[in-house]
Amino acid sequence: MQIEAIQEEIVDEFSMFDDWMQRYEYMIELGKSLPKISDEFKTDDHLIKGCQSKVWVHADMEDGKVVFTADSDAIITKGIIGILIRAFSNQKPADILSAKTDFIDEIGLKEHLSPTRANGLVSMIKQLKLYALAYQAKIES
Amino acid sequence: MHPMLNVAEIRKDFPILGRQVHGQPLVYLDNAATSQTPQQVIDVIVDYYSRYNANIHRGVHSLSQEATDAYEKARITIQKHFNIQHSHEVIMTSGTTHGINMVASGFTSFLNPGDEIWVSAMEHHSNIVPWQMLCERTGAELRVIPMNTTGELVLQPFYEELSERTQLVFCNHISNALGTINPIEEIIEAAHEVGAAVLIDGAQAAPHIKADLQALDVDFYTISAHKICGPTGVGALYGKTEWLEKLPPYQGGGEMIAEVSFEKTTYAGLPHKFEAGTPNICGGIAFGAALDYLNAIGMDRIAAYETELLQYATSELLKINGLRIYGEGTNKTSVISFNLEGIHPYDVGTLLDQMGIAVRTGHHCAQPIMDFYQIPGTVRASFAFYNTLSEVDRLVEGVKKAAQMLS
């Protein structure tokens with residue numbers, strides 16, 4: 001599935017909720033099904049800076065696609081990184097790099113997008129894209 | 001009507017308390033970070049810019065004179081509020097951090113390798129980092145007054161190791177992260193016995209306690225206006241005349257000089273020696289207005305009412321399963337730092353925000369305290385005199401709902 005199609009799917013899912021509680025409960029659920037980073041990678045090198053909670057992200061390359069795993073010590077943050085990984089994992093580096101992130105607004109998480117927000121959603125997106133950039137450079141070299 | 005305070009009437013003074021957040025009436029419980037501003041203070045700010053905005057101390061024209069008079073009147077208000085002997089001992093600053101840095105910078109030339117500086121284990125970063133920098137510059141050593149698990153300072157090791165090498169002692173009057181009121185009288189007395197100077201960070205105390213600085217015999221005391229219903233970006237540093245005369249100026253510039261030539265500059269007298277450049281004139285005037293506002297209500301009544309809020313909130317929150325409060329000392333102000341077992345404070349704060357309840361989450365710029373408890377941070381609800389018992393109920397309901405969603 002293309003990144004854009006996955007993003008649309010996520011937006012559709014979130015559009016079913018009438019209130020914030022359902023939205024956050026769903027995010028918490030998504031956090032629980034997050035592809036977990038293996039413990040050996042839960043190190044400071046894999047920490048994303050700028051978050052009030054800890055977020056670790058790891059990337060691997062499988063069959064030309066970037067596979068992300070992550071974890072956080074906060075449940076809502078797990079949900080947020082879970083949503084991002086669902087959209088960007090198992091994709092080609094070039095596709096990740098060119099992907100838009102507008103869908104975040106559409107699922108009512110816009111308030112988390114401000115760069116000064118303590119959860120560091122912006123830092124998370126940047127980190128995923130940095131991994132993609134590194135793998136893209138590897139492919140081209 | 002509440003027997004101690006007509007809170008319903010007081011709330012009408014604060015336009016912001018009438019707004020909604022995420023479709024719900026705002027419950028503002030982040031007062032330890034910044035307090036809200038009453039209309040009386042907002043009016044003073046508007047009046048300044050509408051009627052007599054001018055630079056102070058130098059103009060011969062009427063506007064400048066009016067602005068100067070209002071600004072200097074605010075200094076006197078601060079002096080009287082804190083029972084300070086001389087108005088020149090009130091240095092207008094941009095806030096508590098500015099005041100601390102002024103003293104830390106000034107002490108650079110007085111310290112030598114081997115000298116000691118003590119700070120308490122429950123300091124705000126703004127009262128740790130400047131001293132670490134001072135130690136780096138001078139070779140002095142930073143020592144720490146430890147704390148116990150109830151969130152109180154343990155003074156014995158400090159008493160035992162105080163010596164003539166101790167030059168400076170720093171402690172907050174009230175911990176921003178825990179709400180503990182520290183025994184500063186004893187700390188000041190012990191430090192003075194070995195000839196050390198004491199700086200007390202009064203940022204968190206000023207909203208709750210009217211400190212009598214002459215009675216405390218403290219050498220320096222710093223406060224921020226925005227914690228006491230005033231604007232941000234303005235505060236005051238109190239210093240004893242003898243210290244302020246000894247300390248070199250912090251910044252060079254206009255206002256702080258007596259005479260300038262390219263060969264030599266002589267500095268202005270107190271307090272102007274420490275007030276280089278055009279100050280936050282409007283902020284300073286509004287700072288005075290904020291103190292007038294609080295004094296019209298009465299600091300004793302405010303403190304008594306806040307104690308009631310604290311006791312009620314503490315007992316109601318403790319009824320929640322798995323909730324732990326950090327800072328259980330008997331002597332504390334209306335700050336409750338807590339966590340739900342196994343739940344990250346950030347998650348609780350995020351959900352409370354969705355319910356229109358503003359609390360602080362994180363390490364509250366006091367990482368050493370979080371390291372001591374081995375936690376990533378806490379949820380901190382801090383109450384002011386305009387908060388109500390029903391707002392406490394909304395907090396408690398909110399925390400219960402968050403606990404349910406997150407577990």
### Query
Residue check: is B:G349 outside any helix (DSSP H, G or I), of a type in the set (G, A, S) and in the same structural domain as B:R380 (by TED's automatic domain parsing)?
no
#### Entry: Some residue of segment B:263-279 being in contact (Cβ under 8 Å) with a residue 24 or more places away in the chain, part of a helix (DSSP H, G or I) and under 20 Å from B:T108 (Cβ atoms)
yes
### Query
How about segment B:215-265: which of its residues are surrounded by fewer than 13 Cβ atoms within 10 Å (Cβ to Cβ) and under 20 Å from the mean Cα position of the chain (by Cα)?
B:A215
### Task
Tell me which of these B:S120 doesn't satisfy, since it passes every other one: (1) at pLDDT 95 or above; (2) within 17 Å of B:T96 (Cα to Cα); (3) among the small types (G, A, S).
(1)
### Task
Report yes if B:Y312 is assigned to a helix (DSSP H, G or I), outside the structural domain of B:I78 (by TED's automatic domain parsing) and touching a helix residue (DSSP H, G or I) at 6+ places or on another chain (Cβ under 6 Å), otherwise no.
yes
### Filtered residue count, segment B:346-380, keeping only those that are over 19 Å from the mean Cα position of the chain (by Cα), within 9 Å of chain A (Cβ to nearest Cβ) and either under 16 Å from B:G179 (Cβ atoms) or at pLDDT 90 or above (or both)
9
### Message
Here is a check on your reading of the model: is B:L17 assigned to a loop (DSSP other than H, G, I, E, B) and touching a residue at least 12 places away in the same chain (Cβ under 8 Å)?
### Response
no
### Query
Can you spot a residue in segment B:281-290 that is within 14 Å of chain A (Cβ to nearest Cβ) and either in a loop (DSSP other than H, G, I, E, B) or modelled with pLDDT of 95 or more (or both)?
no
### Query
What number of residues in segment A:40-97 are surrounded by fewer than 23 Cβ atoms within 10 Å (Cβ to Cβ), touching a Pro at 6+ places or on another chain (Cβ under 9 Å) and closer than 23 Å to B:E341 by Cβ?
3
### Task
Determine if segment B:273-290 includes at least one residue that is at positive phi and either outside the structural domain of B:Y49 (by TED's automatic domain parsing) or not acidic (D, E) (or both).
yes
### Filtered residue count, segment B:364-375, keeping only those that are assigned to a loop (DSSP other than H, G, I, E, B) and surrounded by fewer than 19 Cβ atoms within 10 Å (Cβ to Cβ)
3
### Task
Taking the options B:V90, B:V103, B:V44, B:V7, name whichever one is in contact (Cβ under 8 Å) with a residue 12 or more places away in the chain and closer than 26 Å to B:S382 by Cα.
B:V7
### Message
I'm checking my understanding of the structure. Among residues of segment B:320-340 that are in contact with a helix residue (DSSP H, G or I) (Cβ under 8 Å, 6 or more places away or on another chain) and part of a loop (DSSP other than H, G, I, E, B), which one is surrounded by the fewest Cβ atoms within 10 Å (Cβ to Cβ)?
### Response
B:N321
### Query
Does segment A:14-34 contain any residue that is more than 14 Å from chain B (Cβ to nearest Cβ), farther than 26 Å from B:G349 by Cα and without any contact (Cβ under 8 Å) to a residue 24 or more places away in the chain?
no
### Message
What are the pairs with Cβ atoms under 8 angstrom where one residue, in segment A:112-134, is over 13 Å from A:A70 (Cβ atoms) and the other, located anywhere, is among the hydroxyl-bearing types (S, T, Y) and at pLDDT 85 or above? Sequence gap at least six, or different chains.
### Response
A:A118/B:Y346; A:A118/B:T361; A:N119/A:T77; A:N119/B:Y346; A:N119/B:T350
### Message
Among the residues of segment B:67-90, are any of a type in the set (V, I, T) and over 21 Å from the mean Cα position of the chain (by Cα)?
### Response
yes
### Task
Looking at (1) in contact with a Ser or Thr (Cβ under 6 Å, 6 or more places away or on another chain); (2) of a type outside the set (K, R); (3) surrounded by 18 or more Cβ atoms within 10 Å (Cβ to Cβ), find the lone condition where B:A54 falls short.
(3)
### Query
If you check every pair at least six apart or on different chains, which have Cβ atoms under 8 Å apart with a residue in segment B:123-146 that is of a type in the set (G, A, S) first and a residue that is exposed (fewer than 15 other Cβ atoms within 10 Å of the Cβ) second?
B:G139/B:N112; B:G139/B:P113; B:G139/B:G114; B:A140/B:N112; B:A140/B:P113; B:A140/B:G114
### Task
Being among the hydroxyl-bearing types (S, T, Y) and within 14 Å of another protein chain (Cβ to nearest Cβ) is the filter here, so list the residues in segment A:35-54 that pass it.
A:S53
#### Entry: Count of segment B:381-407 residues which are crowded, with 24+ Cβ neighbours inside 10 Å and of a type in the set (K, R)
0
### Task
Take B:I343 and decide whether it is part of a loop (DSSP other than H, G, I, E, B), of a type outside the set (G, A, S), free of Cβ contacts under 8 Å to residues at least 60 places away in the same chain and within 11 Å of chain A (Cβ to nearest Cβ).
no
#### Entry: Enumeration of residues in segment A:98-141 that are surrounded by 14 or more Cβ atoms within 10 Å (Cβ to Cβ), at pLDDT below 90 and of a type in the set (S, T, Y)
A:T101, A:S123
### Query
Can you name the residue in segment B:154-204 that is over 21 Å from B:D371 (Cα atoms) and hydroxyl-bearing (S, T, Y) and is also surrounded by the fewest Cβ atoms within 10 Å (Cβ to Cβ) among such residues?
B:S163
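The values are calculated or read from the model by the stated rules, or taken from the named source; none is laboratory data. Being a predicted model, the structure only gives us computed values, none of them experimental. Because the Cβ atoms are built from the backbone with ideal geometry, glycine has one as well, and the counts that use them run over all protein chains shown.
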